[in-house]
1. Of the residues in segment 87-109, how many are closer than 12 Å to residue 66 by Cβ and either assigned to a loop (DSSP other than H, G, I, E, B) or not assigned by TED's automatic domain parsing to the domain that holds residue 130 (or both)?
2. For residues that are in contact with a helix residue (DSSP H, G or I) (Cβ under 8 Å, 6 or more places away or on another chain) and closer than 22 Å to residue 85 by Cα, scanning just segment 48-60, find the one that is surrounded by the fewest Cβ atoms within 10 Å (Cβ to Cβ).
3. Return the only residue of 228, 248 being closer than 18 Å to residue 203 by Cα, assigned to a helix (DSSP H, G or I) and of a type in the set (Val, Ile, Thr).
4. Against the condition of a type in the set (Val, Ile, Thr), out of contact with any Pro (no Cβ under 8 Å at 6 or more places or on another chain), in contact (Cβ under 8 Å) with a residue 12 or more places away in the chain and assigned to a strand (DSSP E or B), how does residue 112 come out, does it pass?
5. Which residue, of 13, 42, is under 23 Å from the mean Cα position of the chain (by Cα), in a helix (DSSP H, G or I) and crowded, with 18+ Cβ neighbours inside 10 Å?
6. Please verify whether segment 28-37 includes one or more residues that are touching a Gly at 6+ places or on another chain (Cβ under 7 Å), surrounded by 22 or more Cβ atoms within 10 Å (Cβ to Cβ) and among the aromatic types (Phe, Trp, Tyr).
7. Look through segment 45-80, keep the residues that are within 23 Å of residue 9 (Cβ to Cβ) and without any contact (Cβ under 8 Å) to a residue 40 or more places away in the chain, and return whichever of them is farthest from the chain's Cα centre (by Cα).
8. Could you list all residues from segment 115-137 that are out of contact with any Ser or Thr (no Cβ under 6 Å at 6 or more places or on another chain) and part of a helix (DSSP H, G or I)?
Amino acid sequence: MAVDAAETVQVRSALVRLRRVTGLPVAFGGLVESGRPQIRISELSGTATTALSSLAVVSGSGLGGKVTALARPCAVTDYSASRQISHEYDAAVATEGLRSVLAVPVVVRRRVRGVLYGALRTAQPLGDRTLSAAVEAARDVEQALVARDEARSLLTAVREPSGPAGAAWEQVREAHGALRALAQRVEDVALRAELLDVCGRLAGAASPGPAAGNVGLSPREVDVLACVAVGSTNAAAAERLGLRPETVKGYLRSAMRKLGAHSRWEAVVAARRAGLLP
């Protein structure tokens with residue numbers, strides 16, 4: 001899968017947050033190049049040189065390559081002297097003046113899609129707090145990549161001339177509900193808006209009816225109905241959306257009232273007719 005500009009922006013933002021949270025002087029990283037078993041270092045934060053820019057890190061080589069091969073975080077206290085890694089990239093690391101380095105993988109659906117690094121210019125251990133912050137930064141990138149993958153999938157479904165039918169619609173509906181739930185957990189405002197726009201286009205393509213604003217459902221009411229539409233109980237919907245079951249019940253009752261429905265399934269049908277759900 002090709003790396004696009006929006007994906008590299010997510011990496012850049014994660015690196016900036018990592019430095020802000022930990023105080024690390026340097027952070028860098030990149031994503032897997034399409035069709036190649038290597039990470040391309042594309043984003044630098046706090047670096048003094050361009051030695052690491054565009055560096056291609058092959059799986060199994062160096063610290064990042066080890067992380068890619070093992071799909072787990074690794075760290076070294078003194079990069080050039082470490083016996084835990086191979087040393088294909090020592091020249092670039094030395095030129096930047098880095099000593100202690102940690103690397104964490106960005107893993108999506110069990111496949112490493114990128115690596116984030118944090119580094120010190122002194123040889124001292126990087127503590128658990130720093131490692132945890134780096135892992136959290138990688139999770140943020142993973143979440144954004146999953147969201148964009150889902151968005152691409154849904155847009156492809158919408159653009160099909162005949163559109164999905166029968167059992168295929170159930171898969172689209174499940175993806176739609178998952179994407180709406182995921183969008184609410186995405187911190188990047190622009191990415192969240194993009195994902196919700198995809199959801200709206202998918203719903204409209206399925207049943208182009210009155211505009212959503214004419215019905216007046218809130219985003220959370222639509223989220224709950226999207227879960228109900230694929231058979232989720234209130235408890236399951238609450239877990240997926242990060243809400244309490246009582247809160248889900250409240251949103252569902254409100255949505256039913258606005259849609260003039262007397263049951264949860266009537267509400268789903270009405271929402272589909274209104275172009276709110278696929």
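The values are calculated or read from the model by the stated rules, or taken from the named source; none is laboratory data. Every value quoted in this text rests on a predicted model; they were computed, and no experiment measured them. When we count neighbours, we look across all protein chains shown, and the Cβ atoms used for this are built from the backbone with ideal geometry, even at glycine.
1. 3
2. 60
3. On inspection, the qualifying residue turns out to be 228.
4. no
5. Matching residue, one of 13, 42: 13.
6. Among the residues of segment 28-37, not one is touching a Gly at 6+ places or on another chain (Cβ under 7 Å), surrounded by 22 or more Cβ atoms within 10 Å (Cβ to Cβ) and among the aromatic types (Phe, Trp, Tyr), which makes the answer no.
7. 50
8. Matches in segment 115-137: 128, 129, 131, 132, 134, 135, 136, 137.
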